[in-house]
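Comments concern the structure below.
The values are calculated or read from the model by the stated rules, or taken from the named source; none is laboratory data. Everything numeric here is computed off the predicted structure, so don't read it as measured data. When we count neighbours, we look across all protein chains shown, and the Cβ atoms used for this are built from the backbone with ideal geometry, even at glycine.
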Amino acid sequence: MQCWAPAWAIGTAPHTWQVVAQGKSPAAHKAFAHAAKSLATTGLDLILDPELLAQAKAEWREKTEGKPYQCPIPDHIGPKL
């Protein structure tokens, strides 16, 4: 699942210290909270409605054309403990 929320000012380049700094603002926190609520309620809808879940799965299969995700990281690479 993916959700886009207005967490930084228009025109700010992504992956910059300016985005990080703006992420501490009340406006960004509000955007994060709205995004989280949106994701959570969508998940709840899917749990409560099996037909909706079946439709979502069918759409996923159609969009991915039966090609499963393949992680680009080799299997022998793992987290450092």
Looking at segment 49-56, can you tell me whether even one residue there is in contact with an Asp or Glu (Cβ under 7 Å, 6 or more places away or on another chain), surrounded by 10 or more Cβ atoms within 10 Å (Cβ to Cβ) and either among the polar types (S, T, N, Q) or more than 30 Å from T12 (Cβ to Cβ) (or both)? yes
Residues that are of a type in the set (K, R), closer than 30 Å to W8 by Cβ, without any contact (Cβ under 8 Å) to a residue 40 or more places away in the chain and surrounded by 12 or more Cβ atoms within 10 Å (Cβ to Cβ): does segment 25-39 have at least one? yes
Residues in segment 32-49 that are under 13 Å from the mean Cα position of the chain (by Cα) and either farther than 25 Å from V19 by Cα or not in a helix (DSSP H, G or I) (or both): how many? 2
Test of understanding: among A27, A5, A58, which residue is at pLDDT below 95, small (G, A, S) and part of a loop (DSSP other than H, G, I, E, B)? A5
